[in-house]
Each structure stands twice: as structure tokens, then as C-alpha cells.
Amino acid sequence: MILFRNRTKLYEEVGMADVLRDTGLYKDAWRRLKRSPAALVAMGFIGFVVFLAIFGPYLTPHDPNLGNLMVRLKPPSATHWFGTDQLGRDVFSRVIAGTRISLFIGVVAELIALTIGVIMGTIAGFFGGWVDKLISRLIEILSSFPFLLFALAIMMVLGPGIINIFIAIGLLSWTNVARLIRGQVMRLKTSEYVMAARAAGANELSIIFKHLIPNCMSTIIVILTMDIPGAIMTETFFSYIGMGVRPPHASWGKMLSESRMYMRTAPTYSIFSGLLLMLTVLAFNTFGDALRDALDPRLKNK
Amino acid sequence: MHENTLLEVNNLRTHFFLEKGVLKAIDGISFRVAKGETLALVGESGCGKSLTAASIMGLVPSPGKVVDGEILLNGEDLLQKTQKEMRQVRGSRITMIFQEPMTALNPVFTIGWQIMEPLRYHRKDLTKAEAKERAIELLDLLRIPLPRQRFHEYPHQLSGGMRQRVLIAMALACDPDLLICDEPTTALDVTVQAQILDLLLEIKEKLGTSIIMITHDLGVVREIADRVAIMYAGKIVEENSTHEVFNQPRHPYTEALLNSVPRIVQGERQEELYQIPGMVPNLLKTHQGCLFAPRCDYAKELCFGVTPEEHLVLGGLVACRRYSEEVDLRELN
Amino acid sequence: MLKYAMERILQSSLVLLGVTLITFILLNVVPGDPVLIMLDQRADQLTIDRVRHELGIDRPLPTQYFEFLKNAVRGDLGTSFFKKRPVTELLSSAFGATAKLGLMTLAVSLCMSIPMGILAAVFRGSIIDRAIMFLAMLFMSLPSLWLAMVFQLIFGVFLAALPISGSETMRHYILPVAILAIGYAGGASRLIRNNVIDSLGHDFVTTARSKGVPEFFVVMQHVLKNAAIPIVTLIGIQLRSVLGGAMIIETIFSMHGLGRLAIDAINTRDMPLIQGNVVYTATVFVVINLVVDLVYGLLDPRVRLAGGES
Amino acid sequence: MKKFLMLSLVGLLLLSLLAGGVLSSPVYAGEKILRRGGDFGADGHIDAMKSTFGRVSMPYRHVVEPLMGQRPFTYEMYPLLVVDIPTVSDDGLTYSFELKRGIKFSDGQELTSADVEYTFNTFFDPATNCLNTWMIDFILGAKEMMEGKADSLAGFKVIDDYRFEITLESPYAAFPRALANDYLGIVPKGAHSAAGDRWGIDILVGTGPYTLESFDPTTKIVFAANPNYNHNVYNGRTLKARVDKVEFYNMDENTRYLEFEVGNLDHTPLDLTMAQEYLNRPEYAENVQIENGLSQMFFVMNNSMKPFDNVKVREAVAYAFDNTKIAEIFFMNLWPVANTILPEGVPGHDDFAGYEYNPEKAKQLLAEAGYPNGIEFEMTVSGTGIAYHLLQIMQQDFAECNMFTTIDQVESGVWFDKRSTGNVQSFLGTWGPSFPNPDTFLYGFFHSSSADFLSTGHRNPEYDAKVMAARAITDPDEAQAVYNELERYLSREAFVAIPGFNQPSVFLLQSRVTDVVDGAQDGLLFAGLAD
């Protein structure tokens, strides 16, 4: 319980500095990750969800979009493992079908946010001066914006559809990434090896791509895992206000917001709709947390 | 036990229980510190000297544990004390100052507050005003200019040397019997180092506090220590008076250490600085024989097989086969 | 300090200007005409034109914007198209519920997350830590929409212990505050834990321990005060978000707050009300950032003096 | 400073806690409060003149009354503020009215012709920004007023304090019916002009059975009984407010049901998909109330857009829309099938049996229309209500008829923008009059002037002329024949839109609510509460 020094120092002290240094960053991180059973379970679950997302369409026992009005809101049975929804569609099949959409939204939206965020953050952090001021103000303006209005505006300009939900969420959430990357680039910019590279005559572009971005990589990976659940949750909000994926397609958020009306009469519908979403979000959060600890202790203060 | 012995460490073993195995960071060390004496604990980084300090303070970090031995302060075994009793000892009877004066002070409290802190826990008889007076007195003692003003300042407003003085003041607040200095001058400029050492010497004179000086800087040792204990890989390999150690190093490791210090003699340039060959042994592995043997110029086959015992030599102890009775002393040279 | 504050205020006015301008442009790009929404069933062109004139949206766009700015500077944010009330009146009446909901949420979430974070950090790696962190993670993973339904059902209907909706008494706030606070506490306790762990690793902690300071005071004084800065940042961010209004929770619990006002305004493209909302949000953003900066100064002497000297 | 900060924070929190305790609404012993839940939408006022929404006019009628009344459910017209149903001159243009004596506004002022005149002038005054002028813009001088060319309505003539006349531009048989609308509620001249912008917000004065007590736009409207109300007689008994207060709560749909279940609401509208849920629960089956109304839901195809510009395609849709199945299975017969545009009870309705679901016939018609491989189109919906569900069911049926559809779910603002500019290809539309008036459907929905605003895309000058001519017909049999012909054209010849269902009102009503006059939906105005 009592810590004498922090761990790195401690290992150095007891002659175990080699433990910290002898392996590569990722190998080392993987080794540390393996030590956390929670992270492994989470990773396994994410793997399972990804599997569902890819092979889901071949696994659904029923057509997820085809309903039979004769069997509306039925409890779980041998034919309908998770019961049926308000239009008599198979909840189990819809949950699986929704996996692809929800996960896709999470990953693609976050990738978009990351791309924009990393570019903007790097530019702001690296060049500083008026460019930094401009981007920082932009970030500030965007963060003080009503989320819904902004989301609407993007959706309006782009029109409805899954792809545009990706883009909307991506455009909404890049500011956080940019802020983090900006800070890190500013720190790295003055680091010795960047100085050395500069002294060796490297041009700015190669410094950015050879030194800064690779060094932000672990931050980027962590942000990706930590923000995917956020994007999945955002989709729930979009569905709640009736701007989700195009009907009759299912997404977790859509099922969750539609099922809540039937919570008393068909509780299983709501529970099963939310279950996979919650578990996935939980898995991503757990995994992201462990990954951050393993990869980049500096990110702790995020 | 001698009348004037303040601290006696007997066969102390502190091990770290890691997933990979048990790391024997301190493996059976014994030494004594007399009242008013300064003992230097010398060794390379990783030899366990800071951990010895931590063991004495009862602050061994978590995978580590003191597994055996005695730490007797005025005859009381500190290892038998509860956490609560240990807390009464820390900061009042044994205090400690650290290597990094820049980080050892809490940046968000005034230095006055931090100096008064040990008084708050150990000298409950003092009023706040008295404690403040005491703190200012201490600042003054450590030759900090304008102590009344400094009292209200924050660590970041002071220079490194000043901060180290503050740390010393803090350590002296409750008139401790033993002051452990963990490389107190390593992080400081050379000129400041000298000032701090002078201060420590002066304090020792004035207050008669015993000091354990943990350092790898032999220059510091020479200047301040009465006795020296050389540590290597969790063991004390040689212990003797400063004079003896410097003039007549007995252990090959001590010898090597001394040789690796550049000596500037006028008109003469040392051709090459001596380097100890090889690596510090991995303490996770079980070793047989003398741990220094692989790096020792004098090593014989025997050294790799049998753990050397401690041998009494003039004024001290040395743990090297070469001093065993069976060995012909002539072999030494 | 004053100079710094002035600079910040100047900067924020620029941000405010940018925000309102972008809002204005967006609203004119986004499909959805307040007049058509108002006249949902049927209307002749004459009526459409007349209403459009009456609302002032038949004027050239730059004129509209400058007119808005001119009035806004005087503290007049116009009259809502739909609600026919002055925007300032609508905002201030909705602010009450939102502020109450928000501050209580923040207080409850901090009361949960600070002990959780500290306990987990102090017992880092132990079963306590794991349990607390799992709980925190679970808190973060519960969709508030779903949680709201479940809580309403359990506490409101089955147990009949708490009101299902409304904002008249303190009891009405229990469920929404609990739901929001759970969401906030999850992230916050993790952040606090990490910061406390960070601070625990500092050398001054060892110094304090070597001085014989009891562990409780080591954590509560030395560690916490150092970990406080990121926590203040977090409180700032959370405060900003709770004061923005909770759209889903306010709607589900029938509370008259800013989140609901914003949804209504956006759904009906109620330009003055949206602009009012934006101005409010941006102002809150700026004010809280300023306050957070000031609090930094209180907590961290390094920041304070740096600010004071400039 | 630190302490001050902490103290002020703690103080703020305590204050907010206290404020919560103090603000709890007082409920006096024995006070009877009828609580109704609903959706106010985004409106922050209850001024029916300035709104086109029922959610505004419904509370408005608690305070402000129009000249004529209409019994809920039966649509029987009766004089409310006037002595008798107005008489019309022989040319069908001038109507004479006489006000009941002694009717007082809730502020004590007596109702006179001047107030009625003021109300009509205000209605057409451009400054009022009334949104419903098109409903009665055939009054003489209305257009001049709306264009700002006149200060007062030329067609309105005050004879004395209690008598006045209204003249129309052209005959309109249903005119007295139009006067029964809420937005033509009579407002007091003095109080209304004095209230200015606050009318419908803080101030609302009328002759109605209630007075406005408080109005919080997003959560609650409170009405208190008007004890002096005495001029509404029904079945020989004077109607009066039977409760001390009526409270309207603006609530999320699901929250309303929960509040109803715990007994905090006495009445709430019920979504049809939920009606079945409650009917299936024995303890609530009694509380589910269904009232057939005059609203029809039909599948609207934009007649100006491909492929619906082809009448054969539209006919094919008639065979592809399986409203019978939906009504039987999905609606559990709670919503009757409608096979004609005009609902039962409206002149012009006939008992047409409709078109059966016939994929083969539909495919054949598509092939005849030049689409042997079927057609693709987009169906637009806003929100997640009944239409959202129906379209998903219809999509499956359509697919079997080679009609491949996508459902475009849009945000409400976008919906209005798209629909009101004629850009929606197809949707499920609901339309209904407030009294059995075929004109509302035939003119209101299918007249060319609506082609763009309602995205019907239906433009037929011949049809328009017939509709306008039918307005002047006063003889019921003659009218019935003409309307019948027009209806047949819409649903069976040109297949302008495909009738779907008759949309009833469905709601939950607590059994403690008593004295519901006729239909409960509107009859709740005078409902009481059992102890």
C-alpha cells in the first residue's frame, strides 16, 4: 500500500531497469495487457462482437427486417430466442444485425474524428502561433455549440443515412482528439530527439511524420478504444430523437429507444436490446483503460 | 552492544516478491551507527542502499518486504513496531532527506507549513506560534536569508540549494537522533554541494546528530563520513573507517570503485579511467559464491562456489575470500 | 490578474461572435423553415409572406444578423418565434431547473466519485480497487435513456417511493439527479483515481511519510491538494455540461430546463431562441473557464504567481 | 478566499435544496384537480389565433369561447354566446347574430358586440399574426385587411350592443360551423389590447368555464374554475366546471403512461401501439377509451412525381396497400379500415368496399404502366409514431408487389420543409375536420392550392372548380351527390391518394372521472372527479 517511489524509479533502484527497457513498446504493452484478466475478457468480448459484426448476417435465424404481425412482442421462445419486437421481428436477429451498424458507427465515426483531430492537433501543436490560435478558437467555438444543433446541421447538409451518421459523429467529436494531440505534440516538439532531428536538417514534414505522429500513436490507439463507446452511445441519442439509421434497419440505439415503451409488457425486448450495447461499451471501456495503462501512462490525466 | 551505539542493523533482508520470482534486494546486511557518527553507505545504483534507508524508515514499497533481521534503535527493534509506533519514530527520532530537492517538497504548501508539519505530529506541546518560531529558527540555522519572509514562500520560488536546506531544516525540526541523507547533493551544482556538505558537518558538530549518508560519490564520503560501508548487490562487502577505506581498500570492489574516480594530479594526466568490467548481477537469479566474482580481477575458482564470509580486518570488516584464515595473505599481492 | 481577465473576456467575445455567426449561417443552410413548421396544416402564400415579414426573416441575411447583434449587445435577445415570449425570459425561467438539477448532479457525482477515486487509488491493485473501478466502468456504460426508464419503473411505479416526473419538490429531483450523477461519477472516479495514483508517486509523498505524517493526512492533504487541479478541470467540464441542460433527462422527467428548451427551439428552427441558447452556452463556457483558471491559482501557487507577475 | 469559495459553493447547494422544498406546490384539502397529460410541443403560448395546433387550441377553449359551440363526438352545433344559430339572408351572404344577455368575461366585463367586432378585426389584422385567416378569408373585406388596406372588417356590422351582422364575399354553407372554431374565440376588447404581447402567456381572459391560473410553457398549465359561468346549457342542465382546477402536464409519452398508472394523471392520449398493451392488461383494459373521429389516414403519393404521375401506378398501389390486414392484426380492429377519402358521417361518404390486397393485380398494373420490373420510391416519415411503424409493415407488403421502397426518416423541421414545398414522394398523411365537413378534405387537402404545401402534387383545374362550386350548395341531397362524385374521383378514378384507416382518438381515462359529456376527449371540459 505504501509507495516509496513510483514504480519506474523503483525498478531502477532495485536493478530491474532492464525489465522496463529491454522490449519494444508494443510488445511490452502486450505483455502488461496480458496480465490483466479483465482486459483479456474485454478483448475477448470485443473480438466476439467484431465476429458478430462481420458474420452476423450469416448467423441470424430470421430475417431481421421482416416482421410477422401475428407474433408481436412475444417473450423469448424456442423460435425467437430473445422474443419479438413491436412489429413481430426477431429481436435476436435484430440485435445481431444491429451489431454491424452500431460497431461500424463507433469505429468509423471515431476514425473520422481521429483523422481530423490528429491533423488539426498536430498542425496547431507543431506550428503554434496564429495557426494554433485559429485552431484553438475553432475548437472552443465548436465545443460551446449546442450539440444537437450541430449534429442536425451536419445531417441536414449531408442528408440522412448511415454514412452520414458516421460523419456527423466524427465531425462532432474531433475537438477532443485535437486538444489532446495538440498538447502532446507541443510537448514532443521541444523534446531532445526532435531537436536532434532538426539539427540534423530534417524538414518539418518529415519531423511530423517520422517523429511526432509515431510518438502519438499510443495516445491515438487509446483514444480510439476509449471513444468508440462514446460514439455508440451518441448513436442512441440520435435514434432517440428519430435521426438514427433508416428503418427498417436495426441498430442497438434504435432498438433501445424503441423498446423502452414496452418495458412493462415485454421487458425482455428492452433488456436484450440494451444488453449487448451495455456489454460492448463496458468491454471497450475496460479494454481502453487497460490499454492506456499498458501503453501510455502519460495519458492518465485525460 | 556498545554504550554509544545508536543504530544497529543485524542481518537485514529485504526481498521483493515479483511475479518473476523473489528479488533479494537486501540480503543479510549488518552495520552499526554510533552516536554522533556519520556512516556512509556507498555503492552503485541498484545495490540496495536506498532500500536500506527505506527499511530503516519502515517505508519499504509494496511488493517488497523485510523478511528477516533486526533494526535496533537504542536497543528497540523497529521491525517489531506497529505502523502507528513507527510513525512516531519517523520524523522525530529518525528523519530523512532526499536526493531530489526539486520534487521532495510539496509544491502546493508553503515551506513554513511543511517545516512545521513534523512538529504538528511529534511535538504536540508546541503552540502554533511556537512551532512557527521553531521553523524560523531552523531556517536561520540553515543560513536561509530572510527566514521570516521565506517562511511564507512556496518551493518553486527557491533554488535547488535552498530547497535542500529547507528539507534539512524539516528533518531537523524534532531534533532527531539519526538523519538519513539519501544522496542529498547529487542533484545540486558543485558549489552548492559543498555548501550543503559544510552545513551538514556543522550540524553534526552542533547537534551531535548521527548521519547515514547514502551516496555513490566518494568525494562526499571522504569529506563527511567517519565510517564507510560499501554495498554491492544487496550485501555489505566492506565496512571500515573512512581513512582505512580510502588508504587501504581491502575488497576488490572497493578498490575498483576508488580506481574509477578520476584523480587529478598536477602535471599528470591519467591515461584511462578504470572501468569495472561486466554487469551488476541479476538478483532475481540464485547465485552461488561471491556476487562480485564475475567482475573481479582476483577471482579464483573458489570464489564462484563459496559465498564469502565476513572477516575482521583492521578497524572493520570485509567480505572476501582473500581474507579468510585459510588463504595465504601473501597471495594478496 | 485584471489584465488577464480582460484579455480572456475579449477573447471570449470573439468566440461568442463566431458562435453566433456560425449558428446564424447554419440555421440558414439547414432545411426547416420556422414559418412552414408553424403553419403545419395549410396556408396560403399571403399568410406565409406575412408571417415571414412579421418574424423579420424576409430581410436580407446580413441585416438580420447585425440587427441581432445590435440588440444582443443591449441585452435583448429578441422574442421566440414559437413561444412568443422574450428569449431572455425563457432562458432565465429554464435556467432555474437546469441549474438546480445540474448543481445537485455535480455535488452528488463528486460525493460519489471523490471517495471512490481515492479509495481505489489508495488500495490500488487490490480487490477494492477492482470492485470500484468495475462499478465506475459500469456506471459509464449504462445508457441514461434506459436507466431513466428502469428507475422510473422501479422507484416510481413498483415501489411508488419517488415521483416519476416533475420538478416541484426536492423529491422530484432524486431520480434525475441519481441517473445523471451515475453517468458523471463513472468517468470522474476513474480520473480522480488516476490523478491520486499519480500524486502518490511523487517524492513529496515519501517526504511526508518520512516526517511521520499519518497516512490519512498524507492522502487528504498532500496528495489530494496536488491531485485537485485535474479534478477542478473535470469539475469545470462537468459543470459546463450540466449547465447546458440535459436534453433526454429533462424531457423524460418533464422538467422545465434548458435542455428541453433547446430541443424545442431546434425542432422548430426558432432562430432567436436558438441564438439565445447558443449565447448562453458560450457564456457559460467562457465564465466557467475563467473561474476554473482562477481556482487553479488558488490551488496551485505556481499558477497564481505566474499570473500575478504578468 | 479559499474558505469563502467553499462556503459559497456549499451555500449555493443548500439554497438550491431549500428552494426545492419551498417551491413544492400546495394542495389544499378537498380541492379537486383534474390532471391531464399531453404534448404541448414547442409552443410557449396558448393563443389559438397564433397557432395551428390542437395542443394550443384545446387548453385555450377552457377560457375563451367562440360564438357557436359544437357538441363533442356528435358534432351537433349549438349557440354558445349567441341566442340562436344565426340566420342567413336569402342571397346566402349575410348572417345575423344576437348575443345572449348578461354573459360576463372572467374579469367582470360584460360581453357586447364591440368585443365580437374587436375579435374579428384582430383576427384579420396583419399585426396580430394570426395563422388561421385562410379558414374564413371569404368574409367581406378580409383580404383588404390582411393586405393592410383597411383598418376594419367591411363585412362586420354592429347593430347594437347585442346584435351584429357578418357579410360574406360569396355564399359558404358551412360558415356558422366555422365560427365554432377555437381560434375564433371571442376576446374582451379592453383586456386583450391591454395585454399586448402577454396575451396567451400571463393573461388570458374569456367567457369560458375556467380562468388561467398559471402557465409554465414547458411543464404545466393550470386552470381554475370560473364560478360565474352559466351560459352553456346541455340537455336542460347548465354546464359548469365540476373541479376546482384543471392541470395540463407536458410530458414525454412514456412518462405520461407511468404517471397514469400511479394515478397522477386522470387522462392522457394513448399511442395506438400502446393501446393494445393496455387492453391486454386486465387492470387497465377498462381505462382505455376509443372514440371514432373524423380523421382519416391515407397513403399520399405525389401525383406530380414519377412514378406516381401515372394513374396506373397509383391504382397498383391501391392493390398493394393491405390496410385490412393492418387494421385487423396490427390495430386489433381499434382503427377501422377506411376505403374512401371521406369518413363515415361526412356528406359524400359511401360504403365502397375498397380494393383487396392483390400483388398479382398490382404487378400487372405496373407492367401496364410501363414498369414491368417494378418501381422504386421513397416514403418519408418524421418521428417514431404510428406512421413510422405502419410504413415498415407496408414496405414488406409493397415489396411483394414489386414496389421497392426506402423509408426516409427525417427530423420534424426537415419534414415540414420538404413536405410544404412539394418535395415528398410519398407519405402517410392524416387529415380531419373539426366537424363533418367534406370541404375540409376535398378543398383542404386535394385542391390544387395544396399540391405543393401538402406534397399531394394533385393539380386538376376541373376538380378545383367543382369543389369551389360545391361550397355554395345548401341543399343536403344535392351536396351529398356532388361530394360523392368528387370522392369517387379521388379514391377510385384518379387514385389521388389511397385511403387507409379511420383514425380514432385513443386515450387512457381514470375511472374516477365522472360526468363526461358525450365524447370524453372534448367532453372533459365539464368532467368531474369522484371522491
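Data overview
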| quantity | calculated |
| --- | --- |
| At R0 = 51 Å, FRET efficiency that the Cβ-Cβ distance of residue C:59 and residue C:162 yields, to 0.05 | 0.55 |
| Shielding by partners - mean other protein chain Cβ count within 10 Å, residues of A:243-251 | 4 |
| Positive-pole candidate from D:59, D:114, D:164, dipole of segment D:54-196, charges at beta carbon | D:59 |
| Accessible area that becomes buried as A packs against C, both chains, 1.4 Å probe, Å², nearest 100 | 4600 |
| Theoretical FRET efficiency, 1/(1+(r/R0)^6), r = Cβ-Cβ of residue B:157 and residue C:225, R0 22 Å, to 0.05 | 0.80 |
| Accessible solvent surface per residue of the protein assembly as shown, calculated while the other protein chains remain in place, 1.4 angstrom probe, Å² | 40 |
| Where chymotrypsin sites (Phe, Trp or Tyr not before Pro) fall in DSSP loop in segment C:63-166, at most 16 other Cβ within 10 Å | C:123 |
| Percent carbon-and-sulfur accessible area, the protein assembly as shown, ignoring ligands, DNA and RNA, probe 1.4 Å | 58 |
| Mean separation of Cα contacts under 8 Å (6+ apart) over length of chain B, as relative contact order % | 20 |
| Chain B - Debye-derived log10 I(q)/I(0), Cα point model, q = 0.08 Å⁻¹ | -0.41 |
| Residue-by-residue Karplus 3J(HN,Hα) for segment B:276-281, coefficients 6.51, -1.76, 1.60, Hz, glycine and proline x | 6, x, x, 10, 5, x |
| Cα gyration tensor shape of segment D:54-196, rounded if a/c is under 1.5, else prolate or oblate by comparing a/b with b/c | rounded |
| Rounded if a/c under 1.5, otherwise prolate or oblate - the protein assembly as shown, Cα gyration tensor axes | prolate |
| Size of electric dipole in segment B:73-180: Cβ of Lys, Arg +1 and of Asp, Glu -1, about Cα centre, debye, nearest 20 | 260 |
| Other-chain or far-sequence residues with amide H under 5 Å of residue D:203's (modelled H) | none |
| Only Lys, Arg (+1) and Asp, Glu (-1) charged, at Cβ; chain C dipole about Cα centre in debye | 560 |
| Spin-label pair residue A:27/residue D:291, simplified geometry with 7 Å Cα→Cβ offset, distance in nm | 7.9 |
| Estimated dipole of segment D:159-281 in Debye, rounded to 20 [Cβ of Lys and Arg +1, of Asp and Glu -1, Cα centre] | 480 |
| Spacing of the two label points (7 Å from each Cα toward its C-beta) at residue C:217 and residue B:205, in nm | 3.5 |
| Violating pairs (Cα-Cα greater than 25 angstrom) within the set B:81/B:204; B:206/B:235; A:27/B:20; D:325/D:361; B:204/C:211; A:34/B:20 | B:81/B:204; B:206/B:235 |
| Area of residue D:220 that stays accessible when all protein chains are in place (1.4 Å probe, Å², to 10) | 30 |
| Between helix C:170-200 and chain C: long-axis angle, C-alpha atoms, 0 to 90°, nearest 10 | 50 |
| Cα centroid separation - segment A:252-292 against segment B:3-41, whole Å | 57 |
| FRET efficiency, 1/(1 + (r/R0)^6) with R0 25 Å, evaluated for residue B:189 and residue B:246 via beta carbons | 0.50 |
| Extended-chain gain in nm, criterion 0.36 nm per residue less alpha-carbon gap, residue D:312 and residue D:244 | 18.6 nm |
| Chain-alone versus full-assembly comparison, segment A:263-291, residues with accessible loss of at least 30 Å² (1.4 Å probe) | A:263, A:264, A:265, A:278, A:282, A:285, A:289 |
| Relative contact order (percent, whole number), segment A:25-148, Cα cutoff 8 Å, 6+ residue spacing | 17 |
| Virtual paramagnetic centre 7 Å along Cα→Cβ of residue B:4, amide N under 20 Å, in segment B:27-46 | B:31-41 |
| Integer Hz, Karplus 6.51/-1.76/1.60 couplings in order for segment D:372-386, x for Gly and Pro | x, 9, x, 10, 10, 8, 10, 10, 10, 8, 10, x, 10, x, 5 |
| Computed helical MRE - 222 nm, the protein assembly as shown, DSSP H runs ≥ 4 contributing -39500 (n - 2.57), nearest 500 | -15000 deg cm²/dmol |
| Residue-wise HN-Hα coupling along segment D:273-286, computed from phi with Karplus coefficients 6.51, -1.76, 1.60 (Hz; x: Gly, Pro) | 5, 7, 4, 5, 4, 6, 5, 6, 9, x, 5, 10, 3, 5 |
| Percent RCO, i.e. relative contact order, over chain D, from Cα pairs under 8 Å lying at least 6 residues apart | 18 |
| Accessible area buried between chains C and B, both sides summed, probe 1.4 Å, in Å² to nearest 100 | 2100 |
| For residue D:515, distant residues with modelled amide H under 5 Å away | D:528 |
| Cα gyration tensor, segment C:19-144 - rounded (a/c under 1.5), prolate or oblate | prolate |
| Peptide D:144-150, shielding by other chains (average Cβ, 10 Å cutoff) | 1 |
| Residues whose placed amide H lies under 5 Å from that of residue B:181, excluding near-sequence neighbours | B:97, B:212, B:213, B:214 |
| Where C meets D: accessible area buried, both sides, 1.4 Å probe, Å² | 5200 |
| At least 20 Å² accessible surface lost relative to isolated chain, residues of segment B:46-67 (1.4 Å probe) | B:46, B:50, B:59, B:61, B:62, B:63 |
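The values are calculated or read from the model by the stated rules, or taken from the named source; none is laboratory data. Being a predicted model, the structure only gives us computed values, none of them experimental. Note: ideal-geometry Cβ built from the backbone for every residue, glycine included; neighbour counts use all protein chains shown. To get the accessible areas, we keep the full protein, side chains included, count just its heavy atoms, and leave off ligands, DNA and RNA. Shrake-Rupley method; radii C 1.70, N 1.55, O 1.52, S 1.80 Å.
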